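Comments concern the structure below.
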Amino acid sequence: MTTLKEEFDPAPTKPQPTTQFESGALSRLDDWLAEQVSSKRIAGGCIGVMREDQTHVITAGELHLDSGVPVARNTIFRIYSMTKPVTSVAVMMLYERGLLQLDDPLAKYIPAFENMQVAVGGSYPDFVLEPAKTPITIHQLLTHTSGLTYWWDFTRRKERRRRARKKKECEGKKSCTVLFFGTP
């Protein structure tokens, strides 16, 4: 049984490769991370590679440039906008285990996507819709080609048009009040 201290002590910067890993690949990974740090593209980093019950961990650099605090095996990093890559890795893990196929329809797992419609005309919020010709697939979700969009794309465009109209209404007037709320 390991103690908490043993569990979270920093790993050596260059651990010896295990027999299950190809040592050349691990060496290239070590070199790549070291190059990212030495070229100051990143202050520091930690990469973990797992295969079966073996783990290879590489750490390099510092928490912040010139901080003197080394990146350790247990360093906690903030990850912004990482939902898509993390979800993609999880999906690929399911694929590796044979639990889903990339050409599976999304509706197989989320029935609400069974009868999708696509916009063929009109404008927000009054689109002209028709049934989609093909179902959305897992592959399309991973490659961002499913046709799904963010609702705020449409609301932002509508808001920009409204603001432009209001500004135009105020042109040439001695006094005009235009109130805008939210972000432009």
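Multiplying the residue separation of His139 and Lys168 by 0.36 nm and subtracting their alpha-carbon distance yields 5.9 nm. Each residue, Ile42 and Lys84, gets one label point 7 Å from its Cα in the Cβ direction; the gap between the two is 1.9 nm. Label point of Arg161 set 7 angstrom out along Cα-Cβ; within region 122-145, amide nitrogens under 11 Å from it belong to 122-127. For region 15-94, what does the alpha-carbon gyration tensor say about shape, rounded, prolate or oblate, given a ≥ b ≥ c as the root eigenvalues, a/c under 1.5 as rounded, and a/b over b/c as prolate? Here region 15-94 falls in the oblate category.
State whether region 95-170 is rounded, prolate or oblate according to the following rule on the C-alpha gyration tensor (a ≥ b ≥ c being the square roots of its eigenvalues): a/c under 1.5 gives rounded; otherwise a/b larger than b/c gives prolate, and the remaining case gives oblate. Kindly include the intermediate steps, with their values, before the conclusion.
On the way: a/c = 4.25, a/b = 2.50, b/c = 1.70.
Taking the square roots of the gyration eigenvalues as a ≥ b ≥ c, region 95-170 is prolate.
A straight chain from Thr75 to Asp126 at 0.36 nm per residue would run longer than the Cα-Cα distance by 13.5 nm. Once the Cβ-Cβ distance of Val49 and Ile110 is raised to the sixth power relative to R0 = 30 Å, the FRET efficiency obtained is 0.45. For Met116, nonlocal amide neighbours, meaning residues 5 or more places apart or on other chains whose placed amide H falls under 5 Å from its own, are Ala132. Derived scalar couplings between HN and Hα for region 112-124 equal 4, 8, 5, 10, 6, 10, 10, 7, 10, x, x, 8, 4 Hz in order, rounded to whole Hz, by the Karplus curve 6.51 cos²θ - 1.76 cosθ + 1.60 (θ = phi - 60°), x for Gly and Pro. Once the C-beta distance of Arg97 and Glu35 is scaled by a Förster radius of 30 Å, the resulting FRET efficiency is 0.35 to the nearest 0.05. Here the 3J(HN,Hα) profile of region 49-63, calculated from phi with Karplus coefficients 6.51, -1.76 and 1.60 at θ = phi - 60°, is 10, 10, 9, 6, 9, 9, 10, 10, 10, 10, 10, 7, x, 10, 4 Hz, Gly and Pro shown as x.
Every number here is computed from the coordinates shown, using simple stated rules; none is lab data. Here the structure is a predicted model, which is why all the values come from computation and not from measurement. Please note: Cβ atoms are built from the backbone with ideal geometry, for glycine as well, and neighbour counts cover all protein chains shown.
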